[in-house]
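Below: the structure, in structure tokens.
The values are calculated or read from the model by the stated rules, or taken from the named source; none is laboratory data. Quantities reported herein were computed from a predicted structural model and do not represent experimental measurements. Neighbour counts run over all protein chains shown; Cβ positions are idealised from the backbone, glycine included.
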Amino acid sequence: MASNLQFLIIPLMCPGHLIPMVDMAKLIAQHSVAVTIVITPRNAQRYGAVLHRAIASGLPIKILQLRFPASDHGLPDGCESVDDLPTFNLSKNFFDACSTLQKPLEHEFNMIKPRPSCIISDKHLPWTAEVAKKFEIPWVVFDGMSCFTQLATHNLCVSKVHEKLADSDRFILPGLPDDISMTKCQLPGLFNPGNSAKAKEMKSVRERVRAAEVGAYGTLINSFKEMEPRYIHEFKKLKQGRVWCIGPFSNSNKNDLDRAQRGSKDSINNNHKCMTWLDSQRDRSVIFACLGSLTRLTPQQFTELALGLEGSQSPFILVVKGGSRTEEIEKWLDENGFESRVKGRGFLIRGWASQVLVLLHQAVGAFLTHCGWNSTIEGVCAGVPMITWPQFAEQFFNERLVVQVLGIGVGVGAQRVIHLDLVDEDEEGMQVKREDVCKAVKMVMDEGKEGEERREKAKCLKQMAEKAIEEGGSSQFDLNRFIEDIRLHTNKGLVG
Ligand code: UDP
């Protein structure tokens, strides 16, 4: 390899983390840096098509497969991704199983040629910091979140203002460039873990992640300067410059096949009909409703979403992911006659949707999203306004960024985070009614001045996103800066 650099990439095995890290591997390899990505056999199958095409095109990417000891940790055989968990009550088991990969990885390390110059790891795998320490190379964290979230999280950790508040108290997030108001029960799990026994178990995982993260060499972010300039500026200042915003990653998928198979090689079959259906719809008329890879709406809540879309009169695509409640949802769909009523106007996808491919279709007019960070930035890259329905983690922060800071979204009015481990027990109740969904869709699709302004802003952001990862763009600049930093660090080590 021209540069003789090798980056070892270790993703968390969860679509919202693995997908962007596969994209990132491709982006880095395009800069003549060898990349080895560590995954397990099932994930090698799931993401293999995209990776093998990148390798066949000449990119210096290798796949290192490690066996995942699922059954040793009480997980079903073959469960190698968070979205495969039969219930989120098994999250802690999953993280425990992940940490046993440390030994086999250390065993393989010396066989990787050229020797890795750094580890880029998902921040949720704090044991990878120990591997980096052992082999005396920098541990760089990939944080699958925005700089807005980074800054808000840091400021809350330092100020602890939330600790004195009741769940429904509204307050201004401290130290941000904009006045962003929220309630405590909308904050991510680190500040708002819930009271279940399982939530308490996850607290120790979160605390370990947070403790390791503070010692990281630097942070890579899937964002770009033009989208959140003041937040990026502040976060870089806080981290003495060792923050590199090198996104949007999804734009690294330049052809339809990569877009179609992103996240699942099989989605291409599921989605063929969907693309044909989209071809038959008017430009910018369709609502694409997809709540990410992990959200499992209760059957009651799913019903409200479906009826809200029906009531909006807009054509729509609805992605159905029920997890352990799939049967109940299917039963409702059947008994209610929903699909025959919306025939021609509504299209249901069961399972995995080719989200990026769908979003880029000219018939899509708005994205109803749960505001996972990947979905948020993919919505920005598609240049469509968003209908925001945050569910868990930092998704309420992302909603604030989309609605308030960027001015390209309308909220459905979600009030508090969902605790995923309680969905199966029906303890999360219902937050959003069909009228809320319908109203938000109508506002976003409105042809008046406000709707037009939102659409214009979304279009501008799309153009900025495209430029950021092109030659001379801000994210290219940061990626070069990152590679140079590691090169200097590596050379210093060789001399010293
Ligand atoms: N995704 C997809 N098809 C689906 C569901 C999700 O392609 O049916 C992709 C989506 O494009 C995004 C990722 O999965 O890249 C989900 O990540 P995000 O951060 O938005 O949410 P999470 O799934 O982590 O809640």
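Take ASN398 and decide whether it is within 12 Å of the ligand (Cβ to nearest atom) and farther than 26 Å from THR303 by Cβ.
Considered against the rule, which asks whether it is within 12 Å of the ligand (Cβ to nearest atom) and farther than 26 Å from THR303 by Cβ, ASN398 comes out as no.
When region 115-158 is examined, which residues are found to be in contact with a Gly (Cβ under 7 Å, 6 or more places away or on another chain), farther than 20 Å from ASN398 by Cα and among the small types (Gly, Ala, Ser)?
Hit for region 115-158 is ALA129, nothing else.
I'd like the full set of residues that are part of a loop (DSSP other than H, G, I, E, B), modelled with pLDDT of 95 or more and of a type in the set (Val, Ile, Thr), limited to region 80-121.
THR100, ILE112, listed by residue number.
Filter region 467-488 down to the residues that are in contact (Cβ under 8 Å) with a residue 24 or more places away in the chain and loosely packed, with under 15 Cβ neighbours inside 10 Å and list them by number.
ASN480, ARG481, listed by residue number.
Here's a check for you: in region 248-303, which residue that is basic (Lys, Arg) and closer than 14 Å to VAL319 by Cβ is farthest from the ligand (Cβ to nearest atom)?
My answer is LYS273.
Being within 29 Å of ILE9 (Cβ to Cβ) and touching an Asp or Glu at 6+ places or on another chain (Cβ under 9 Å): is that true of ASN222 here?
yes
Between PHE109, PHE135, PHE68, which is among the hydrophobic types (A, V, I, L, M, F, W, C) and under 23 Å from SER264 (Cβ atoms)?
Result: PHE68 is the single residue among PHE109, PHE135, PHE68 that is among the hydrophobic types (A, V, I, L, M, F, W, C) and under 23 Å from SER264 (Cβ atoms).
Going by the conditions given, is ARG416 away from the ligand (no atom under 16 Å from the Cβ), part of a loop (DSSP other than H, G, I, E, B) and buried (at least 17 other Cβ atoms within 10 Å of the Cβ)?
When the stated conditions are applied, ARG416 passes them.
Looking for something exposed (fewer than 14 other Cβ atoms within 10 Å of the Cβ) and within 30 Å of TRP139 (Cβ to Cβ) - is there at least one such residue anywhere in region 389-409?
no
Might you let me know whether region 381-397 holds any residue that is without any contact (Cβ under 8 Å) to a residue 60 or more places away in the chain, assigned to a loop (DSSP other than H, G, I, E, B) and more than 21 Å from ARG325 (Cα to Cα)?
Looking for residues that are without any contact (Cβ under 8 Å) to a residue 60 or more places away in the chain, assigned to a loop (DSSP other than H, G, I, E, B) and more than 21 Å from ARG325 (Cα to Cα), one finds none in region 381-397, hence no.
Can you report the number of residues in region 196-236 which are in a helix (DSSP H, G or I) and of a type in the set (Ser, Thr, Tyr)?
2
Sort through ILE317, ILE329 and tell me the only one that's touching a residue at least 40 places away in the same chain (Cβ under 8 Å) and either surrounded by fewer than 15 Cβ atoms within 10 Å (Cβ to Cβ) or within 16 Å of the ligand (Cβ to nearest atom) (or both).
Step by step, each of ILE317, ILE329 is checked, and only ILE317 is touching a residue at least 40 places away in the same chain (Cβ under 8 Å) and either surrounded by fewer than 15 Cβ atoms within 10 Å (Cβ to Cβ) or within 16 Å of the ligand (Cβ to nearest atom) (or both).
Return yes or no: is VAL82 within 16 Å of the ligand (Cβ to nearest atom), in contact with a helix residue (DSSP H, G or I) (Cβ under 8 Å, 6 or more places away or on another chain) and farther than 24 Å from ALA393 by Cβ?
Here the answer is no, as VAL82 does not meet what is asked.
What do you reckon, is LEU309 buried (at least 19 other Cβ atoms within 10 Å of the Cβ), hydrophobic (A, V, I, L, M, F, W, C) and over 23 Å from VAL444 (Cα atoms)?
So LEU309 does not fit the description; no.
Return the residue satisfying two criteria in turn: it lies in region 340-380 and is assigned to a loop (DSSP other than H, G, I, E, B), of a type in the set (A, V, I, L, M, F, W, C) and closer than 25 Å to LEU18 by Cα, and of such residues it is farthest from the ligand (Cβ to nearest atom).
So, considering only residues that are assigned to a loop (DSSP other than H, G, I, E, B), of a type in the set (A, V, I, L, M, F, W, C) and closer than 25 Å to LEU18 by Cα, the one farthest from the ligand (Cβ to nearest atom) is LEU360.
Give me a count of the residues in region 235-263 that are crowded, with 21+ Cβ neighbours inside 10 Å and over 24 Å from PRO15 (Cα atoms).
The total comes to 1.
Are there any pairs with C-beta distances below 6 angstrom linking a residue in region 337-353 that is within 19 Å of SER285 (Cβ to Cβ) and in contact (Cβ under 8 Å) with a residue 12 or more places away in the chain to a residue that is within 16 Å of the ligand (Cβ to nearest atom) and of a type in the set (Val, Ile, Thr), with the two at least 6 apart or on different chains, and if so which?
PHE347/ILE317; LEU348/VAL320; ILE349/VAL319; ALA353/VAL319
Identify, by number, the condition in (1) within 16 Å of the ligand (Cβ to nearest atom); (2) touching a residue at least 40 places away in the same chain (Cβ under 8 Å); (3) crowded, with 22+ Cβ neighbours inside 10 Å that SER91 doesn't meet.
Checking SER91 against (1) within 16 Å of the ligand (Cβ to nearest atom); (2) touching a residue at least 40 places away in the same chain (Cβ under 8 Å); (3) crowded, with 22+ Cβ neighbours inside 10 Å, the one that fails is (3).
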